[in-house]
Amino acid sequence: MHGRCGHISDTDAQPLVINSHLGRFAIVTVAKIVNLDEIEKQLLNDKMHFAELSSGKTNQTELVALLIIQGNSFVDGIENVFRHIKGSCSMLLLTEDGIIAARDKWGRTPIVVGRKDGAYAATSESTAFANLGYAIDRYIGPGEIVRLRPDGVEVMRPADEPMQICSFLWVYYGFPTSSYEGRNVEQVRYENGRIMGAEDQTEADCVCGIPDSGVGMALGYAAGLGKPYQRAISKYTPTWPRSFTPSNQEMRSLVAKMKLIPNRAMLEGKRVLFCDDSIVRGTQLRDNVKVLFEDGVKEVHMRIACPPLIYGCPFIGFTSSKSDMELITRRIIKELEGDADKNLAEYAKTDSPCYNKMVDIIRERLGLTTLKFNKLETLVKAIGLPKCKLCTHCFDGSSCF
Ligand code: SF4
């Protein structure tokens with residue numbers, strides 16, 4: 001039997017290979033462990049040790065591996081992980097007897113199984129399958145554990161009923177050709193934009209997506225609004241072949257800025273409606289908008305694929321906001337209320353006086369002609385799953401541990 005297990009990252013030290021009483025295995029995780037320090041202390045008290053570091057901190061994949069080997073079996077050990085961690089953790093284990101795939105117990109991050117003749121594979125991004133000749137076989141459910149062998153898939157632990165898959169996957173994180181829960185990223189983005197566009201009365205000459213994640217939405221928006229889609233901004237990528245973002249914020253901003261190139265020929269004298277995935281800090285967008293006006297654009301109408309991000313994400317590791325106070329919304333709430341945590345539910349409510357005031361201040365600070373965020377109902381409708389199965393915490397504060 002042939003097996004491989006891997007992870008694309010410039011910084012993360014994984015996969016790790018562990019030899020244990022359960023046998024030898026390699027492990028990769030997609031995780032955010034909020035109570036890492038607490039679990040680390042417990043494990044050290046249990047006379048366990050850590051050999052790996054990740055950016056100077058405890059390597060969370062190693063911590064997960066140590067929790068697994070406390071179990072009497074792989075299933076028992078993975079359930080031990082589910083019981084201990086706060087945050088989320090999906091993982092793949094390459095064992096001596098097949099690949100074990102275990103999805104986070106709330107299903108915040110996905111795992112998809114692919115199949116081709118004589119082989120199975122598992123990934124968090126189904127985009128990986130297309131060029132390797134795999135077709136999607138099934139989506140693993142929340143808390144489900146399966147074992148893949150060349151001849152089939154064995155369910156080792158059935159899925160739990162409740163699910164809280166990250167809705168932001170479709171907005172921002174996902175690659176267009178990936179699908180989660182049977183819902184394709186590009187299709188969702190298109191539909192999201194189409195519904196928003198059909199409700200918009202703005203007089204614009206054309207619609208343009210901010211690459212990459214705003215493009216699918218902008219194509220739909222153009223169809224809904226009945227205006228042409230045009231590429232007034234293009235993305236230049238050859239010098240940055242690695243797809244994952246640098247962890248240092250300053251570097252990230254510089255890379256993001258250098259990659260986007262405005263096209264004066266398409267901008268001069270035009271009223272352009274732009275689509276973007278989200279606004280986190282707003283600094284990058286503000287810089288981009290400045291450049292657009294320098295290049296002669298007449299009006300910049302910005303449309304955002306999701307509602308304002310009011311709450312930081314405590315569940316998954318790849319979110320771009322590290323704390324609530326990095327969010328432009330919270331900084332404005334602090335200015336208005338004297339307390340960044342006050343009246344959050346009101347600010348999260350579309351078209352409430354608090355919401356409208358906050359959105360107008362964001363518009364002004366970013367130098368936009370108009371600014372509209374999507375409604376949560378529209379986003380949920382475009383994703384096509386029941387709201388109770390989606391995590392929407394960063395928009396409305398709802399949570400489920
Ligand atoms: S809080 Fe937001 S980013 Fe985090 S899992 Fe929920 S929807 Fe996704």
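At a glance:
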| item | result |
| --- | --- |
| Positions within the stretch 388-401 being under 17 Å from the mean Cα position of the chain (by Cα) and either in a helix (DSSP H, G or I) or away from the ligand (no atom under 12 Å from the Cβ) (or both), in sequence order | Lys389, His393, Cys394, Phe395, Asp396 |
| Residue, nearest to the ligand (Cβ to nearest atom), within the stretch 174-183, restricted to residues that are surrounded by fewer than 19 Cβ atoms within 10 Å (Cβ to Cβ) and not hydrophobic (A, V, I, L, M, F, W, C) | Glu181 |
| Residue list for the stretch 346-387, filter: touching a strand residue (DSSP E or B) at 6+ places or on another chain (Cβ under 7 Å) and within 12 Å of the ligand (Cβ to nearest atom) | Val380, Ile383 |
| Single condition Phe82 does not satisfy, out of (1) among the hydrophobic types (A, V, I, L, M, F, W, C); (2) outside the structural domain of Gly141 (by TED's automatic domain parsing); (3) at pLDDT 95 or above | (2) |
| Subset of the stretch 366-401 [crowded, with 16+ Cβ neighbours inside 10 Å, of a type in the set (D, E, K, R) and farther than 30 Å from His84 by Cβ] | Lys372, Lys375 |
| From the options Glu335, Glu326, residue that is within 14 Å of the ligand (Cβ to nearest atom), out of contact with any Phe, Trp or Tyr (no Cβ under 9 Å at 6 or more places or on another chain) and either within 24 Å of Thr370 (Cα to Cα) or outside the structural domain of Ile195 (by TED's automatic domain parsing) (or both) | Glu326 |
| Residue in the stretch 13-25 that is of a type in the set (Val, Ile, Thr) and modelled with pLDDT of 90 or more present | yes |
| Hits in the stretch 15-44 - residues which are among the charged types (D, E, K, R), in contact with a strand residue (DSSP E or B) (Cβ under 6 Å, 6 or more places away or on another chain) and in a strand (DSSP E or B) | Lys32 |
| Criterion violated by Glu161 - all others in (1) crowded, with 16+ Cβ neighbours inside 10 Å; (2) part of a loop (DSSP other than H, G, I, E, B) satisfied | (1) |
| Residue check for Ile145: surrounded by 18 or more Cβ atoms within 10 Å (Cβ to Cβ), of a type outside the set (D, E, K, R) and not assigned by TED's automatic domain parsing to the domain that holds Val291 | yes |
| Unmet requirement for Tyr139, which otherwise passes all of (1) without any contact (Cβ under 8 Å) to a residue 40 or more places away in the chain; (2) in contact with a Phe, Trp or Tyr (Cβ under 8 Å, 6 or more places away or on another chain); (3) away from the ligand (no atom under 16 Å from the Cβ); (4) within 18 Å of Met156 (Cβ to Cβ) | (1) |
| Those residues of the stretch 191-233 which are of a type in the set (A, V, I, L, M), outside any loop (DSSP other than H, G, I, E, B) and under 16 Å from Leu267 (Cβ atoms), in sequence order | Val207, Ala218, Ile233 |
| The stretch 259-287 residues that are not assigned by TED's automatic domain parsing to the domain that holds Met217, paired with ones that are surrounded by fewer than 17 Cβ atoms within 10 Å (Cβ to Cβ) (beta carbon under 6 Å, 6 or more apart) | none |
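Here is a yes/no grid of residues against (1) out of contact with any helix residue (DSSP H, G or I) (no Cβ under 6 Å at 6 or more places or on another chain); (2) more than 26 Å from Glu191 (Cβ to Cβ):
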position	(1), (2)
Pro307	no, no
Ile316	yes, no
Met325	yes, yes
Ile332	no, yes
Asp341	yes, yes
Glu346	no, yes
Pro353	yes, yes
Val359	yes, no
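The values are calculated or read from the model by the stated rules, or taken from the named source; none is laboratory data. Please read these numbers as outputs of a predicted model, since none were measured by experiment. Glycine gets a Cβ as well: all are built from the backbone with ideal geometry, and neighbour counts include every protein chain shown.
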